[in-house]
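Undergrad: One structure, as C-alpha cells, below. Some questions next.
The numbers here are math on the coordinates, done by the rules we state, and not lab data. This is a predicted model, so every value here is computed, not measured. We place every Cβ from the backbone using ideal geometry, glycine too, and count neighbours over all the protein chains shown.
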Amino acid sequence: MKTENKLIGTGLLTAIASSLCCITPVLAIIAGTNGLASTFSWLEPFRPFFIGLTVLVLGFAWYQKLKPQKKIDCSCEIIEKSNFMKTKSFLGIITVMTVLLLSFPIYGHIFFPKTESIVIITQTSKLQKVEFTIKGMTCSSCEHHIKTEISKLKGIVEVVVSYEKGIAIVKFDNKQTSIEEIEKAINSTGYKSLKSKTIS
C-alpha cells in the first residue's frame, strides 16, 4: 500500500512539474507579481518527459489497484477499515487532477482578464507596427500574459503574440506610447524582449 501511495504522489508531482511553466504566468497575474511568470520556463523542454512519466506512474498505480488480489484461505476473518487514500475513488480524484494539470496549456487562457482598450488615434500617420522578439515563452499562457501587460499601455491598437515564433507584433499610436514602453511592459512579465523591428 505504501508503494501505491508513492506512485500516486509521484504521478501528481510529475503532472505539476510538467504544467508549472504554464501555470506560473496565471498565478503571477493573480498574485500581482509579473516578474515571476517566466521562472519555470526552463522546464518546458522536459515537459514531454514529465507527461510520459506521469502516464506511466498513474497507469501502474491503476494496474496495482485493479489487478485481482490473492485470496488467503483463513478461518479467521479480520475486517480492516479501509483508508480513503487507498481507495479507487482517491486514485480517480488524483487522475482527474492530473489530467486537468496536464491539459492546462489548452484552457489556461480563460484565467487571464479580458483586455479591451479604447484607443483615440490622433493621426493615422502616427500608427506604427513593430515586431518584438521575446525569449522565454513556452505556451499560450505566456502569450496571454504578455498581451495583457502590453494592452494596459495607452495607444495600443492591436497585439498579436506567438510563443511558437517567439514574437509579439504590436500596432500602436506612437504619440501615446513608444517602443521603449512596450519593451518595458514585456520585460515586466519576466520574459525578455531581445530586439524590435518596425514592419509595414
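Undergrad: Can you put Thr14, Thr198 in order of Cβ neighbours within 10 angstrom, beginning with the fewest?
TA: Result, fewest neighbours first: Thr198, Thr14.
Undergrad: Hey, with R₀ at 35 Å, roughly what FRET efficiency would Ser162 and Phe90 work out to, going by the Cβ-Cβ distance, to 0.05?
TA: Efficiency for this residue pair is about 0.30.
Undergrad: Suppose R0 equals 35 Å. What FRET efficiency, 1/(1 + (r/R0)^6) with r the Cβ-Cβ distance, do Ser178 and Leu13 give to the nearest 0.05?
TA: So, using R0 = 35 Å, E works out to roughly 0.20.
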